[in-house]
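Notes follow the structure.
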């Protein structure tokens, strides 16, 4: 098996999703800090790997660099995963992939910029709490869809852990950790507690993001 190198800081939620996947698949890797205060992303060498100057980026052995977390996750799942995590049948795989895509577009892509960042990367005195509250309401309307699905199955795409759970779960630690009044979504909460029992989730997702915080001081 070839050696995987990943560029990205541990406090990046997108990097966390890839690290979680790597751990779930039992893959060895080297990680290089990049992005935020760690730099590297604006160097010519990094821009040759990812012209967007963002993390994560991986190289698997002799492969070309791969960027965009969703593409990386699908690559890892296809290259190294098996059913039920990532089924071989296109029809069965689509049942996992549709929820993975839904979670990325309807939860992660809404929650991080509209709720999490304003509560962490903006000083308290400058926060627009009305806008944050409205965004949280929209996010939780989407999470209610997951809550309804999780009333029927233990995991998002069925009773087995899959790639869809990484796309939904990698932002749930931050959702449940931030100081907001959350909606009553009992099935989602029970699901989150199940994720917490997974060593890869606890080790790669439930990590401090204090370095991202901005204060009035």
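The values are calculated or read from the model by the stated rules, or taken from the named source; none is laboratory data. Because the structure is a prediction, the values reported are computed rather than measured. When we count neighbours, we look across all protein chains shown, and the Cβ atoms used for this are built from the backbone with ideal geometry, even at glycine.
Overview of results
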item	result
Of the criteria (1) modelled with pLDDT of 95 or more; (2) in contact with a strand residue (DSSP E or B) (Cβ under 8 Å, 6 or more places away or on another chain); (3) surrounded by fewer than 17 Cβ atoms within 10 Å (Cβ to Cβ), which one residue 53 fails	(2)
Identity of the residue in the stretch 109-166, more than 30 Å from residue 36 (Cα to Cα) and in a helix (DSSP H, G or I), that ends up nearest to the chain's Cα centre (by Cα)	146
Residue count, the stretch 172-206 (criterion: touching a residue at least 60 places away in the same chain (Cβ under 8 Å), in a loop (DSSP other than H, G, I, E, B) and in contact with a helix residue (DSSP H, G or I) (Cβ under 7 Å, 6 or more places away or on another chain))	3
Condition met for residue 10 (more than 20 Å from residue 173 (Cα to Cα) and surrounded by fewer than 18 Cβ atoms within 10 Å (Cβ to Cβ))	no
For residue 108: the one exception among (1) surrounded by 13 or more Cβ atoms within 10 Å (Cβ to Cβ); (2) under 22 Å from residue 185 (Cα atoms); (3) touching a helix residue (DSSP H, G or I) at 6+ places or on another chain (Cβ under 6 Å)	(3)
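Residue by residue, here is whether (1) surrounded by fewer than 20 Cβ atoms within 10 Å (Cβ to Cβ); (2) within 22 Å of residue 181 (Cβ to Cβ) holds:
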{"site": "114", "(1), (2)": "yes, yes"}
{"site": "140", "(1), (2)": "no, yes"}
{"site": "154", "(1), (2)": "yes, no"}
{"site": "157", "(1), (2)": "no, no"}
